[in-house]
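To start, the structure under review is shown below, and the notes come after it.
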């Protein structure tokens, strides 16, 4: 339907899709009185979009509070550290260390456990592209058995720090402290409270999940591509049927079977 000699509703819709949401809201509001109900409805849709964007910006700002405090104290290269894979019955523990640019906003960034696999994959690509630097550390099942999971986690974290291309001067870590000569802040559930640690949790989780999906090709009978080594009913039943495979953690699975295949 033609609303006047200048613009159709289709043309208005096309234009606002090409605009930043804030600009679209402002422009649509300027048209509301002249164009009537259809533009009013479109303006309401974009206003709700803007509200969601502002809520997300507020959430991410709150998640940046530790980084903001560290920068106000003079620190520059602030790195978040997190791990994935402390609890599984098989496979490695993986840690990641990420330094994000000060002004970077990554919409949707959160603790990796709160995100779907598809969202984690998208965020992984953004973080890898936009980060000042990121490093990954991995400790395999046999070393976990030798030194225990806590020490293996710390080793993976320190390896991740050492693999950074930029040296950090401040570390925000989920729940542990590391024997490193770098200023540190240990925060419980930091992956939900710090953007840097949340970014590290995504990198660690996606890296480990992809490793487990690859190893599934060698041991398909265990379903590693589905449960990623965690102690699900499917996994435990597979262990009881097939025994342990070479990547199982013996210190985690000793009570399930007596020997390995």
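Each reported figure results from applying straightforward, stated rules to the coordinates on display, with no laboratory input. Note that the structure is predicted; figures quoted are calculated from it, not measured. Note that we place each Cβ from the backbone using ideal geometry, even for glycine, and neighbour counts take in every protein chain shown.
Listing for the model above:
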| read-out | value |
| --- | --- |
| Surface/4 estimate of mean projected area, convex hull on alpha-carbon atoms of the stretch 1-82, nm² | 7.9 |
| Burial ordering of 27, 211, fewest other beta-carbon atoms within 10 Å first | 27, 211 |
| Max mean-square fluctuation residue, GNM over the chain, Cα-Cα springs under 10 Å, options 250, 15, 146 | 15 |
| By average C-beta atoms within 10 angstrom, highest first, the peptides 74-84, 39-49, 89-99 | 89-99, 74-84, 39-49 |
| Gaussian network model of the chain, Cα within-10 Å springs - most flexible of 189, 52, 14 | 14 |
| Cα-based radius of gyration of the chain once divided by 2.2 N^0.38 Å, which approximates compact folds | 1.31 |
| The stretch 65-204 - convex hull of alpha carbons, volume per residue in Å³ | 98 |
| Counting DSSP beta bridges with both ends in the chain, the antiparallel % (nearest 5) | 60 |
